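The values are calculated or read from the model by the stated rules, or taken from the named source; none is laboratory data. Note that this is a predicted model, so its numbers are computed, not measured. No Cβ is skipped: glycine too gets one built from the backbone with ideal geometry, and neighbour counts run over all protein chains shown. Only protein heavy atoms, including side chains, enter the accessible area calculation; ligands, DNA and RNA are left aside. Shrake-Rupley method; radii C 1.70, N 1.55, O 1.52, S 1.80 Å.
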Amino acid sequence: MSYKRGGATLNISIGKRKRTRTPITTKSTTNPCGNVPKETPSILCGDIKLTTTRDVSSPSKSSACCPKPIPKTDDDDEFKNDVSLELPSDIIIAIRSLKQNYSAATYNDSDQHSDHITFVLRTMVNFTLSTFSNDSKANQIASAMASTGFDVELKRLCSSGELRLIQLQGLNGEEDEAIFEMQDYWKVVSNVRMQQTVSSSDQRVIDLFLQCVKKFPQTFVLEQELLKEMARENRKSTSDKYVIQKEDAWINCLISQQLLLPRRLNTSISQSARECRSYWFTLPKLGYCASLIKEGRRRMINKLKRAAYKEVKRSSLEVSARGGMSGPFHVRDLLARGVAKVNNTANGQFIKLQREEY
């Protein structure tokens, strides 16, 4: 006897009753897809045999067994293109965040130009990326590892021409390095080139300097290497932009326009090293910006010295900054160099003096 209902067929055969039970056996059938065998269960219980088979004609079963391929859309290509785009570096994001929070120094190359270019210090960016909530040993190790990764990433950005490092003269030492975005650095040099006091031959020398400055990521450059690159770019230039001046006059032109600064070496360096003259990369009136930073540091430290317990509320300290750059810049500068630390209280953040420099 067979009974069909829905997509399954039930076959019932009745015979003599047997008291023994037979285990479940399987009977292989062919899968509607063609290659994969499908097991159909058969149940023997006494004298009743139950067998269930699937109806191949059911559209839902066949579609589940053989799913149709999903067509490719244009959104997949757009997603792949979006993934291939490089995200901005953490250093670039930190620099722009400091600029938006008024924690950057202001540089104005000339009184005639109203646009103010800002820069940050290297220690401030490193401190922003490697700040931890407590001073545990694990966090100190993590901070050291983050500092190493910061140096590697900063070197890569300078080599790719996205940032420019400039040594600030007149401050504590090598740790006082200004970080300019390359577009801001180019803007300053272009303003120097467009001055009326610059001759046409000096303008061509400055153009050669701009074409090869990206190849030197350090804060200084050797005279031989710079002249070699500028001479190579000069040979590639057209006749109207070709520089006729001698190569010895190129360095004097860049020094007179305050784009290079002679580098003084220690007497302990060997004679062969001293013969290779080198120059700092600099900008006009950058020394005046360094003097403002130094004056602001001195005023901040003196104010913390005179305060009770040598600590002042951070908001009042930032507002009352005088004689230098903006208040948030000087506060972050003190924190980045370890001169002061932050104490979080219920009344807000307080800046406490740790060590004295002036």
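Considering the conditions (1) more than 23 Å from G338 (Cα to Cα); (2) open to solvent by 50 Å² or more (accessible area, probe 1.4 Å); (3) at pLDDT below 90, V198 is excluded by exactly one of them, (2).
Note on the range 235-255: among residues that are at pLDDT below 85 and within 35 Å of the chain's Cα centre (by Cα), the one that is farthest from R193 (Cα to Cα) is K236.
In the set D115, D176, D109, which member is open to solvent by 60 Å² or more (accessible area, probe 1.4 Å) and modelled with pLDDT under 90?
Details: D176 fails: open to solvent by 60 Å² or more (accessible area, probe 1.4 Å); D109 fails: open to solvent by 60 Å² or more (accessible area, probe 1.4 Å).
Criteria check complete, one pass: D115.
Please work out if L292 is in a helix (DSSP H, G or I), under 29 Å from the mean Cα position of the chain (by Cα) and farther than 15 Å from M124 by Cβ.
Working: in a helix (DSSP H, G or I): yes; under 29 Å from the mean Cα position of the chain (by Cα): yes; farther than 15 Å from M124 by Cβ: yes.
It is true that L292 is in a helix (DSSP H, G or I), under 29 Å from the mean Cα position of the chain (by Cα) and farther than 15 Å from M124 by Cβ.
The set of residues from the range 332-349 being in contact with a Ser or Thr (Cβ under 8 Å, 6 or more places away or on another chain) and touching a residue at least 40 places away in the same chain (Cβ under 8 Å) comprises R332, D333, A336, R337. Taken over the range 293-337, the residue count meeting the criterion of being open to solvent by 40 Å² or more (accessible area, probe 1.4 Å) and of a type in the set (A, V, I, L, M, F, W, C) is 2. State which residue is farthest from A178 (Cα to Cα) when the search covers only the range 305-352 and only residues that are among the charged types (D, E, K, R), within 28 Å of the chain's Cα centre (by Cα) and not in a helix (DSSP H, G or I). Across the range 305-352, the extreme among qualifying residues is K341.
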